[in-house]
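Asks: Handing you this structure, nothing more for now.
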Amino acid sequence: MIIIIIIIIIIIIIIIIIIIIIIIIIIIIINLIIISNLHLFTLGEAAILCPQKVNRRMFLMIQSLIFHQQGRERAKPSKIPSSQTQSTQPASVAFKPTSRVQAVSVVTLGKMCLQHEEQAKRIIPALGKMLDTPICSSLKINIVFTLSDMCV
């Protein structure tokens, strides 16, 4: 009888530990999502304060997040040269930014374009074309606000 009670207690403890681990994993994932958005937002704020530090690579990075095409990574994932990885096999990269990351990236790109007129002239038509595509409402709202900020 006592052995059965001990086994039940051990099983309950194991279940509680598993639930705690699952909760910790969920919290970590949520924090990673929030932190990535904060980094993008901070980049936009820094671009306004120090426009001379914004380079072409930053523009390309933010543009790749915004203008990411879903069909491209399914057809053929991009390959990283083996010299850039730890193994001898080239690694496959298939990254799809969430709509929230894309929405924050639009705002960041807009802030960067406020200080760089030549980039803004290239970005405005592309953002305008995105409004015609079926995308999430938060992304469309941020595009409209960004375009209005750049055009004023």
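The values are calculated or read from the model by the stated rules, or taken from the named source; none is laboratory data. If you're wondering where the values come from, they're calculated on a predicted model, not measured in any experiment. Using ideal geometry, Cβ is built from the backbone for each residue, glycine included, and neighbour counts are taken over all protein chains shown. Heads up: the accessible areas ignore ligands, DNA and RNA and are worked out on the full protein's heavy atoms, side chains in. Shrake-Rupley method; radii C 1.70, N 1.55, O 1.52, S 1.80 Å.
Asks: Can you name every residue in segment 55-69 that is within 11 Å of P97 (Cα to Cα), assigned to a loop (DSSP other than H, G, I, E, B) and free of Cβ contacts under 8 Å to residues at least 40 places away in the same chain?
Replies: Matches in segment 55-69: H68, Q69.
Asks: Within segment 28-38, can one find any residue that is modelled with pLDDT of 85 or more and of a type outside the set (F, W, Y)?
Replies: No, segment 28-38 has no match at all.
Asks: Answer yes if at least one residue in segment 69-84 is modelled with pLDDT under 85 and acidic (D, E), and no otherwise.
Replies: Yes, segment 69-84 contains at least one residue that is modelled with pLDDT under 85 and acidic (D, E).
Asks: Would you mind telling me which numbered condition in (1) modelled with pLDDT under 85; (2) open to solvent by 70 Å² or more (accessible area, probe 1.4 Å); (3) not aromatic (F, W, Y) D149 fails?
Replies: (1)
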